[in-house]
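Readers should treat all values here as calculations from the given coordinates under stated rules, not as data from a laboratory. Quantities reported herein were computed from a predicted structural model and do not represent experimental measurements. FYI the Cβ positions are ideal-geometry reconstructions off the backbone, even for glycines, and counts take in every protein chain you see.
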Amino acid sequence: MTPRRSADPAVGEQMRLRRLLRGWSVRYAASRAGVSHATWSRIERGLQAADNRFMLADIAGALECAPADLAGAGVPAPDRAIAAARAGVLGLRRALIDIDLTEPSAGSAPPVAELARRVALADSLHQACDYAGAARLLPDLLRDLHTETAGPDHREALRLLCDATSIASSVLRSLGHPADAWLAAQRCRDAADASGDPVLRGLAAYALARAATACGSHQRGQTIAERAVEDLGRLLGRGGGPEILGSLHLVAALASRCRRQLDDSRGWLTEAAGLAHHTGEANTMGMFFGPTNVDIWRMSIEVDDGDPARVVEIARRTDPAAIPAGVRQVFYYADTARALTRIGGRDREAIRFLLTAERIAPQHVRTSGEVAETIRVLLDRSRRQAGGTELRGLSERMQAG
């Protein structure tokens, strides 16, 4: 039997303060979140945990804030890299506002070959979870690509702009700014539509669906993904088509899970696994679609209100090194740690997996509300047990200024 996680009084206090600030009753706030008023009251009073990221996301959506604002993940940055990543969000947001394809650009841009090299660098930084480096590089790159879309190499510039805005959306989502990620995904869609390439439209739909789901708009994310699957399913012969289609199946599975439709979610995952069987391990358009990534997504979807024992079983048969990118490997280790924590009695292993995740992608781990919650649960249980020193060290790195 899965041990019930202890409540976090800080979450309840944030809920209460934000609810009172809006002048809402418990009953009204709970109705916005889709939970019973009794459940809301227990969480607010620190008597019950917000059991998983989906409930936390629903409560945050009802209170018009980010889940990290409730979970306490928005603590002072623990190191210069994370401080730089967070500081870079404003510049990236401004660039995304500026690169409106319906408006003329100013100045001149470097040759398209140089722009392609910079996009590849941004992608490598993103894959390594170096969000600070990506956030520093992307604003000027986006503006230069916008300029080049009016030049002689406009088709290639539009393709590169799709890639760059997709990367920007992922970086912003990872840093806890889903609304900005939605803006980046919209710019990706604008560039894809201007290019006329259906595969790029599929990439943009993936970015939009992921951002919508991160914002708590689960039905919207589901609809975007399903429509794109229907459109792209007719074009499997195009380069990148199967990989993007498979990735759309994955985000549809996530959206279904967020909507508490676990059977539908597993159905989408089965479809994705079938496509992955044919594509094999691939990195088309930076998606890393293949059997390994499908299993990592399956772990992320099952770890909350699914079957944590199944997550550990999948982890045992999965080699995360098959994907040479920290941006995917980190989920394998973090979600395995979360599953082991839910099972209970395996805290040593959970801590080891958390420390491995941090070593692979420190900026990602130290800004993750889900990891922060897992660490809190482990600390509650094992302050005096083996591993407590390492766990406290990780907790301090996440919170220290």
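Put +1 on the Cβ of each Lys and Arg and -1 on the Cβ of each Asp and Glu in the chain; which of ALA209, PRO198, MET15 then has its Cα farthest toward the positive end of the dipole? In the chain, that residue is MET15. Quick one: grab the alpha carbon gyration tensor of the range 223-282, order the square roots of its eigenvalues as a ≥ b ≥ c, and give me rounded if a/c is under 1.5, else prolate or oblate depending on whether a/b is larger than b/c. Here the range 223-282 falls in the oblate category. Rounded to the nearest 20, the Cβ-based charge dipole of the chain about its Cα centre (Lys and Arg +1, Asp and Glu -1) stands at 1420 debye.
Across the range 302-366, the relative contact order, built from alpha-carbon pairs under 8 Å that are at least six residues apart, equals 31 percent. Annotation: the range 167-246 has a Kirkwood hydrodynamic radius of 12.4 angstrom, from the mean reciprocal C-alpha pair distance.
When the helices of the chain are scored as -39500 (n - 2.57) per DSSP H run of n ≥ 4 and the total is divided over every residue, the value at 222 nm lands at -23000 deg cm²/dmol.
Could you check how many percent of all C-alpha pairs in the range 299-371 are farther apart than 15 Å? The answer is 49 percent, as a whole percent.
The shape of the range 228-374 comes out prolate: with a ≥ b ≥ c from the C-alpha gyration tensor, a/c is at least 1.5 and a/b beats b/c. Using bins of 20 Å that start at zero, the share of Cα-Cα pairs per bin across the chain amounts to 27, 59, 14, 0, in whole %.
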